[in-house]
Every structure is written in C-alpha cells, then in structure tokens.
1. Can you tell me the length gained on complete extension of the stretch Leu227 to Thr149, counting 0.36 nm per residue apart and subtracting the Cα distance?
2. Mind checking the full-extension length gain between Asn26 and His96? Use 0.36 nm per residue of separation minus the Cα-Cα distance, one decimal, nm.
3. Along the stretch 214-220, what does the Karplus equation 6.51 cos²θ - 1.76 cosθ + 1.60 (θ = phi - 60°) give for ³J(HN,Hα), rounded to whole Hz, x for Gly and Pro?
4. Could you please rank Phe52, Phe239, Phe114, placing first whichever residue has the fewest other Cβ atoms within 10 Å of its Cβ?
5. What length, rounded to one decimal in nm, is gained on full extension from Asp87 through to Ala190, with 0.36 nm per residue of separation minus their alpha-carbon distance?
6. Would you mind ranking Cys89, Cys188 by Cβ crowding within 10 Å, fewest neighbours first?
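What follows is calculated from the coordinates using simple rules that are stated; it is not laboratory data. The model shown is predicted, which means the values in this text are computed figures rather than measured ones. Note: ideal-geometry Cβ built from the backbone for every residue, glycine included; neighbour counts use all protein chains shown.
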Amino acid sequence: MRLILAFFLALLLTSCASVPTDNNPNASASELYNNAVKLLQDGSYTAAITEFQTLQARYPYGIYATQAQLDIAYAYYKQDDEQSASDACDNFIKLHPNNKNVDYAYYLKGLANFNYHRSLVDRLTNQDMALRDPKETKASFFAFKTLVTQFPQSRYAPDAKKRLIFLVNSLARYDISVGRYYLRRGACVAAANRAKYVLLNYPETSQTENAMILLAQAYRKLGLTHLASDSLKVLNQNFPDNKAIDQSKVLSSKHWWKFW
C-alpha cells in the first residue's frame, strides 16, 4: 500500500511540475511555442497540448500556429491517445493540404491507427492485428498508401512501405477469418464473396492460398461442384506443394472444417 501511495504521489508531483509556467498574456507566439516544445520534450504532453492550444487561440495565424497543430497531434500520439492524434492529423491535412509537412501528417495518422487499441495486454501477448476490428487497420493502410503514392520521396515513405506490407497481410487474414466464420455458419455465398474479395484486393499476400481453399469449400457447400473443381485446379497450378489441406477431401468430406 505504501508503494502504491508513493507511486500516485510521484504522478501528482510530476503533473504539478508539468503545468505551463508562462502565464504572461503578452508572451509572443515564439515564446509560447518554445515553451510548449520544451514541455513536449520533457514528456509533459498534457501541458504541452494546453500550451499549443493557448498559442493557437492567441495567434491563430502564422507559422507557429500551423506547426502547433502538428505538434498537438504528436503529443496526443505520445500520450497514447491514438484517436485524438488521428483526428488532429486529419484536421491538419484538411486545412493545409499543400503544407511542406503534410507527408508527416499522413505518416503520423498511419502510426496512430497502426497502434490503435494496442493496450499493454495486447503488446505483452502480441495480439494478431487480424483479430482486431479492421476499421483502424484500414485507416492506417490508406494513410500510408497515400503517403507513398503522393510523396514517394518523403523521408517517411520507406518505413510506410514496410508497414503497408504488414497491414495488407493483416487485412487479408481478417477477411479469411470472417469467411471461415461464414462458412461454419452455413453462409456459403458470403464466404465465397470474402474469398473472392481477398483474391481481387490482396492478390500477392500470404492468404491467397487460403482464399482459394475457402472458395473451393464454399462452392462445394453450395453444390457448385464444377466451380469448386476449377478453384482446386487453380490452387494446384499456383501452389503445387500445398500441404495446408488434403485437396481430395475438400470436395468429398462432410466435415470439411476439420481440415483447416
């Protein structure tokens, strides 16, 4: 109990020490900005956000106010408030589409959504992104995709490309998981549509093989034996060493779900 009390006392003292000390109503834009940056560098993110917002309220126009919008987004990101960080990036992109730092806004938006819902438990257990709601994953994907497409020379583009590879595979795995769920519930048309969606939108991912198997099984359950056979032929042509499933059992077994 003493340790817990000491911990919260330390947090309280840190919070008090983080309150902006510049209460001068006549402070210039540069003074407010420099003070906010120092708070940001010291890890006093809430205080930094307050100071940046004060700057914007007093001096809404100019380079300092514009830069403060990006710095607020970064402070939210460092504070693990991914939603506010993403919203702040969207606001910057909307207001300053031609700003020289807009590539960074897309990158930060991608990072914020990439880490969305990444709680301490998630990090410790290394939760697969494919098991999470894909809303933020898709937002991250499109932010990074916009960055590498519109700003290929950006210093952030190389890292964004690496993250895109990871994200597209996560999205494909998610759709395969949903397709398998549909198949187990007897929604075979929905399962086939998910498989085709993966093949159409994520053709070069590691889930192509699973999509072909899912499609064959969905067709088989629908009684479309000819289409199921064609799907298996394509599977054999592209994955001749397929060992994920005994293909002869895909069409014949009544218990197809056992072979995943």
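1. Full extension from Leu227 to Thr149 adds 24.4 nm.
2. Separation in residues times 0.36 nm, less the Cα-Cα distance, equals 22.4 nm.
3. Ordered by residue, 3J(HN,Hα) equals 4, 5, 4, 5, 5, 4, 4 Hz.
4. On the way: Phe52 28, Phe239 15, Phe114 22.
Going from least to most buried by this count: Phe239, Phe114, Phe52.
5. Full extension of this stretch gives 33.8 nm more.
6. Cys188, Cys89
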